[in-house]
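Only one structure is covered here, and it is reproduced in the block below.
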Amino acid sequence: MKLERVLDYAKTLLRQSIDFGDVAVDATAGNGHDTLYLAKLVGDTGHVFAFDVQQQALDATAARLKEHELFERTTLILDGHEKVKQYVEEPIGGAIFNLGYLPGADHTVTTHGQTTIDAINQLLVRLKINGIIVLVVYHGHEGGKEERDAVLHFVEQLPQKQVHVLRYDFLNQKNDPPFIIALEKVKPYTVS
Ligand SMILES: C[S@@+](CC[C@H](N)C(=O)[O-])C[C@H]1O[C@@H](n2cnc3c(N)ncnc32)[C@H](O)[C@@H]1O
């Protein structure tokens, strides 16, 4: 038995949340690793909506999906995840965010606390009961600590009867390793 690494645990949570035929959301497509994973989980009757604000990221994601012949079950959206409710009307089986910047690209294009929180709120409304939203929080970069603290402050205030909030974090690792926040919806959620 060993403790699952952060990225492996993110996948475990998604696998537990998402069923064949579900709609899933990759809120930060980046190079498309998670979009591809979600596309496999939803199967040929499900669908994945993937967001990114950089065309470069969506191009890389499209190439990865085509390589695995899974492009058809996805919709790639060049827009911020804070507008997710304009694009996704169906119930959502699960969603993932990787906060931070796109490796190998412009490090100043990052996710931000308020837009991340707006997106979480919209996704929680659409999420199915027992569905999970996973956030992999990278916080070592410029602005990363502000976003981390804003998101932590927000999720700590979520009503516990409606949302279970988990933090999965290796506490003795150096150099600001990423950690996970997982939100499980247990009852209908309305934005107050
Ligand atoms: C850490 S990377 C994602 C890595 C990705 N999951 C992968 O598998 O490669 C974060 C991504 O979020 C994107 N991003 C930043 N702000 C965003 C927003 N408001 N909405 C959607 N994507 C955003 C960035 O362009 C970047 O590609």
Which of the listed residues, 97, 10, 160, is farthest toward the dipole's positive end in the chain, when Lys, Arg count +1 and Asp, Glu count -1 at the beta-carbon? 160
Taking the range 22-70 and dividing mean pair separation by its residue count, relative contact order in percent (alpha carbons under 8 Å, at least six apart): 46 percent
Tell me the mean residue ellipticity at 222 nm calculated for the chain from its helices only (DSSP H runs of n ≥ 4, each -39500 (n - 2.57), averaged over every residue, nearest 500). -10500 deg cm²/dmol
antiparallel share of DSSP beta bridges within the range 82-192, to nearest 5, in %, is 65 percent
Between rounded, prolate and oblate, where does the range 126-192 land on the alpha carbon gyration tensor, with a ≥ b ≥ c its root eigenvalues, rounded for a/c under 1.5, else prolate if a/b exceeds b/c? prolate
From the C-alpha coordinates alone, can you work out the Kirkwood hydrodynamic radius of the chain, in Å? 16.6 Å
Work out how much length residue 86 to residue 170 would gain on full extension: take 0.36 nm times their residue separation and subtract the Cα-Cα distance, in nm to one decimal. 26.6 nm
Could you give me the ³J(HN,Hα) list for the range 70-87, computed from phi with Karplus coefficients 6.51, -1.76, 1.60 and θ = phi - 60°, whole Hz, x at Gly and Pro? 10, 4, 5, 9, 10, 10, 9, 10, 8, 6, x, 5, 5, 10, 4, 5, 6, 10
Give me Rg/Rg_expected for the range 1-73, where Rg uses Cα atoms only and Rg_expected = 2.2 N^0.38 Å with N residues. 1.11
At q = 0.19 1/Å the base-10 log of I(q)/I(0) from the Debye formula over the alpha-carbon atoms of the range 71-117 is -0.81
Among the range 146-174, those whose backbone N falls under 13 Å of a label point 7 Å along Cα→Cβ from residue 4 are 168-169
So how far apart, in nm, are the two label points at residue 16 and residue 79 if each is 7 Å from Cα heading toward Cβ? 3.2 nm
Under a Cβ-only charge scheme (Lys and Arg +1, Asp and Glu -1), can you give me the dipole magnitude of the range 74-191 about the Cα centre, in debye to the nearest 20? 480 debye
Dipole axis of the chain (+1 Lys, Arg; -1 Asp, Glu on Cβ), positive-most option in 130, 180, 116: 130
In debye to the nearest 20, the charge dipole size for the range 1-117, taken about the Cα centre with +1 at each Lys and Arg Cβ and -1 at each Asp and Glu Cβ, equals 320 debye
Name the long-range amide H neighbours of residue 74: under 5 Å, sequence gap of 5 or more, or other chain; modelled H, no Pro or chain starts. 48
If we count GluC sites (Glu not before Pro) as exposed when they sit in a DSSP loop and have at most 16 other beta carbons within 10 Å, what is the longest stretch of the chain that avoids them all? 5-68
Hey, what did the chain get for relative contact order, percent, Cα under 8 Å, at least 6 apart? 20 percent
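We did not get these values from a lab; they are worked out from the coordinates using the rules stated. Note that this is a predicted model, so its numbers are computed, not measured. Neighbour counts are summed over all protein chains in view; Cβ atoms, including those assigned to glycine, are modelled from backbone coordinates with ideal geometry.
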